Amino acid sequence: MKKTIKDYNLKGKKVIIRCDFNVPMDNGIIKDDSRIRKSLKTIRYARKNGAKVILLSHLGRIKTEKDKEKYTLKPIAESLSKLLRKKVIFIEETRGQKVEDAVKNMKEKDIILLENTRFEDLDKERESKNDKKLGKYWAKLGDIYINDAFGTIHRAHASNLGISKNIKSGIGFLVEKEIKELEKLTKNPKRPYTIILGGSKVSDKIGLIKNLTKKADYILIGGGMAFTFLKAAGFSIGSSLCEKDQIPFCKELLEKHQDNIILPIDIITASEIKEGTKTEERFINEIQEDEIGLDIGHKTLEVFKQYIDDSKTVFWNGPMGYFEIKEFSKGTKDLCKIISSSKAYKIIGGGDTARAVIEMGYEKNMDHISTGGGASLSFLEGAKLKALDIINEK
Ligand code: ADP
Ligand code: MG
């Protein structure tokens with residue numbers, strides 16, 4: 001078990017909390033503040049225990065001076081102040097005299113938020129490439145470092161690994177919960193354990209597929225990646241997404257897990273990917289040359305339902321179709337419904353999958369939706385999470 005914020009005496013200490021305020025923004029307006037809300041528990045705990053709270057976060061990608069206007073953390077400070085009912089002092093710099101003075105003047109329970117850590121990327125990607133001096137500089141501002149940004153925990157950045165290398169570190173409540181939930185999938189899951197995989201590409205998920213197929217009882221495959229599997233199984237897939245170089249991998253997997261990899265039996269097809277296009281529902285041996293498979297059909301959903309209803313643990317990553325377009329969103333939406341009504345422990349991972357579940361209104365029916373896309377998949381692959389690994393065990 002990693003050290004957590006609870007393992008430190010915070011009274012009067014300067015506590016740097018690395019949050020994940022990487023929220024969707026539109027012209028300075030926060031489109032969805034759920035990531036901000038999820039950070040509150042750790043911040044409140046630090047204040048309650050008499051810390052001087054210094055917040056760091058990234059937002060978006062910073063490649064040009066212009067990106068700075070788009071991705072300033074100023075609106076985040078305003079939103080946080082409202083949510084906490086306490087003024088969060090925003091410092092428009094990532095380092096320098098202003099930052100140092102603000103930190104020096106802090107009293108217990110004060111909160112300051114520094115500007116977007118990725119502003120440092122304009123100079124040789126100092127944040128994203130974990131510039132040693134930058135990590136050391138930020139570390140010097142505080143006494144204790146708490147990493148509560150799960151979304152970037154698989155990366156080595158100056159604002160996570162870089163700081164942890166220099167001062168006493170622990171994880172916050174959000175990261176602690178993510179690990180606890182995701183470990184339910186990797187350590188003794190309740191069986192039957194079913195994983196549902198979809199999304200665009202096999203190649204994005206090779207590590208995940210390899211690691212989870214060993215552990216799961218059933219693997220249901222939909223989405224774009226299903227077509228490379230169907231091709232490997234000998235079907236004609238028309239103009240559907242196909243990664244030729246992954247066919248041998250898919251073949252091998254299908255042979256190894258004959259009885260527990262379940263592929264679609266019917267597909268929604270169209271001749272073009274656009275709103276209002278005419279669709280067909282085809283059995284998988286009926287896909288035409290000029291057709292693109294863009295969703296799973298209703299018979300496949302019936303089959304998937306049987307497996308899901310029989311399961312005690314369900315993990316889902318990857319939309320079942322091109323859900324951004326209404327005509328191809330039914331598979332993903334119906335799967336939300338099927339999972340919602342099952343008695344299994346239900347965990348959702350992956351950026352687009354989480355977005356689909358939330359947008360379609362099924363967030364409350366799930367037991368856990370991971371906030372980290374790449375990070376949750378890396379964890380489930382069994383990969384080392386660089387910024388977590390460095391934090392000492394209790
Ligand atoms: P996640 O972010 O949850 O891990 P992915 O990024 O792997 O998921 O996949 C999401 C994308 O996959 C979506 O943008 C969706 O449009 C696309 N997708 C799903 N099914 C298909 C399909 N049949 N053909 C093309 N793209 C698809
Ligand atoms: Mg994605």
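Among the residues of the stretch 337-368, what is the count of those that are crowded, with 23+ Cβ neighbours inside 10 Å and either β-branched (Val, Ile, Thr) or out of contact with any Pro (no Cβ under 8 Å at 6 or more places or on another chain) (or both)?
7
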Problem set entry | In the stretch 190-202, the residues that are polar (S, T, N, Q) and more than 16 Å from ligand 1 (Cβ to nearest atom) | Thr194
Problem set entry | Hits in the stretch 184-203 (condition: surrounded by fewer than 17 Cβ atoms within 10 Å (Cβ to Cβ) and in a helix (DSSP H, G or I)) | Thr186, Ser203
For this session: Show the residue pairs that are 6+ apart or on different chains and have beta-carbon atoms under 8 Å apart, the first residue being within the stretch 86-97 and under 20 Å from Lys70 (Cα atoms), the second being among the basic types (Lys, Arg) and modelled with pLDDT of 95 or more.
Result: Phe90/Lys74; Ile91/Lys98; Glu92/Lys74; Glu92/Lys98
Exercise. Does the stretch 311-353 hold any residues that are in contact with a strand residue (DSSP E or B) (Cβ under 7 Å, 6 or more places away or on another chain), within 14 Å of ligand 1 (Cβ to nearest atom) and in a loop (DSSP other than H, G, I, E, B), and which are they?
Worked result: Gly318, Met320, Gly321, Tyr322, Gly350
Seminar exercise, completed: Reported set for the stretch 34-61 where residues are over 20 Å from the mean Cα position of the chain (by Cα) and not charged (D, E, K, R) is Ile43, Tyr45, Ala46, Asn49, Gly50, Ala51, Val53, Ile54, Leu55
For this session: State which residue is farthest from Gly321 (Cα to Cα) when the search covers only the stretch 342-356 and only residues that are hydrophobic (A, V, I, L, M, F, W, C) and more than 16 Å from ligand 2 (Cβ to nearest atom).
Result: Ala344
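Can you name the residue in the stretch 287-307 that is of a type in the set (Asp, Glu) and open to solvent by less than 80 Å² (accessible area, probe 1.4 Å) and, of all such residues, is farthest from ligand 1 (Cβ to nearest atom)?
Within the stretch 287-307, the subset of a type in the set (Asp, Glu) is 289-291, 295, 302.
Those still in the list that are open to solvent by less than 80 Å² (accessible area, probe 1.4 Å) too: 291, 295.
Values: Glu291: 11, Asp295: 7 Å.
Only one residue tops the list, namely Glu291.
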Exercise. Can you tell me which of Ile267, Ile284 is within 14 Å of ligand 1 (Cβ to nearest atom), open to solvent by less than 10 Å² (accessible area, probe 1.4 Å), more than 20 Å from His368 (Cβ to Cβ) and touching a residue at least 24 places away in the same chain (Cβ under 8 Å)?
Worked result: Ile267
Exercise. For Ile339, which of the numbered conditions (1) among the β-branched types (Val, Ile, Thr); (2) within 16 Å of ligand 2 (Cβ to nearest atom); (3) more than 15 Å from Ile179 (Cβ to Cβ) fails to hold?
Worked result: (2)
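Yes or no, residue by residue, for (1) open to solvent by 20 Å² or more (accessible area, probe 1.4 Å); (2) closer than 21 Å to Pro24 by Cα; (3) assigned to a strand (DSSP E or B); (4) in contact with an Asp or Glu (Cβ under 7 Å, 6 or more places away or on another chain):
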position	(1), (2), (3), (4)
Thr72	yes, yes, no, yes
Ile76	no, yes, no, no
Leu80	no, yes, no, no
Lys86	yes, no, no, no
Phe90	yes, yes, yes, no
Glu100	yes, no, no, no
Val103	no, no, no, no
Glu108	yes, no, no, no
Exercise. Given the conditions (1) open to solvent by less than 80 Å² (accessible area, probe 1.4 Å); (2) within 16 Å of ligand 2 (Cβ to nearest atom), and given that Glu324 satisfies all but one, which numbered condition is not satisfied?
Worked result: (1)
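Output the residues belonging to the stretch 14-57 that are assigned to a helix (DSSP H, G or I) and open to solvent by 40 Å² or more (accessible area, probe 1.4 Å).
Going through the stretch 14-57, the residues assigned to a helix (DSSP H, G or I) turn out to be 34-48.
Of everything in the stretch 14-57, those that are assigned to a helix (DSSP H, G or I) and open to solvent by 40 Å² or more (accessible area, probe 1.4 Å) turn out to be Arg35, Arg37, Lys38, Lys41, Arg44, Tyr45, Arg47, Lys48.
A quick yes/no check of all residues on (1) touching a strand residue (DSSP E or B) at 6+ places or on another chain (Cβ under 6 Å); (2) touching a residue at least 40 places away in the same chain (Cβ under 8 Å):
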| residue | (1), (2) |
| --- | --- |
| Glu183 | no, no |
| Arg191 | no, yes |
| Thr194 | yes, yes |
| Asp204 | no, no |
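Hey, among Lys205, Lys187, Lys214, which residue is among the charged types (D, E, K, R), farther than 14 Å from Lys2 by Cβ and within 16 Å of ligand 1 (Cβ to nearest atom)? Give the steps one after another, and end with the answer.
Details: Lys187 fails: within 16 Å of ligand 1 (Cβ to nearest atom); Lys214 fails: within 16 Å of ligand 1 (Cβ to nearest atom).
Going through Lys205, Lys187, Lys214 in turn, the sole match is Lys205.
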Problem set entry | Residues of the stretch 217-232 satisfying the condition of being within 26 Å of Asp309 (Cα to Cα) and open to solvent by 10 Å² or more (accessible area, probe 1.4 Å) | Asp217, Tyr218, Gly224
Exercise. Of all the residues that make up the stretch 136-183, how many are in contact with a Phe, Trp or Tyr (Cβ under 9 Å, 6 or more places away or on another chain), under 30 Å from Met366 (Cα atoms), open to solvent by 10 Å² or more (accessible area, probe 1.4 Å) and not charged (D, E, K, R)?
Worked result: 4
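Pick from Lys274, Lys299: which is farther than 25 Å from Glu363 by Cβ, charged (D, E, K, R) and touching a residue at least 40 places away in the same chain (Cβ under 8 Å)?
Lys274
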Exercise. For Leu377, which of the numbered conditions (1) in contact with a helix residue (DSSP H, G or I) (Cβ under 6 Å, 6 or more places away or on another chain); (2) away from ligand 2 (no atom under 16 Å from the Cβ); (3) assigned to a helix (DSSP H, G or I); (4) open to solvent by 10 Å² or more (accessible area, probe 1.4 Å) fails to hold?
Worked result: (2)
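The values are calculated or read from the model by the stated rules, or taken from the named source; none is laboratory data. Note that this is a predicted model, so its numbers are computed, not measured. Reconstructed Cβ throughout: ideal geometry from the backbone, glycine too, with neighbour counts over all protein chains shown. Calculation scope for accessible area: heavy atoms of the full protein, side chains included, ligands and nucleic acids excluded. Shrake-Rupley method; radii C 1.70, N 1.55, O 1.52, S 1.80 Å.
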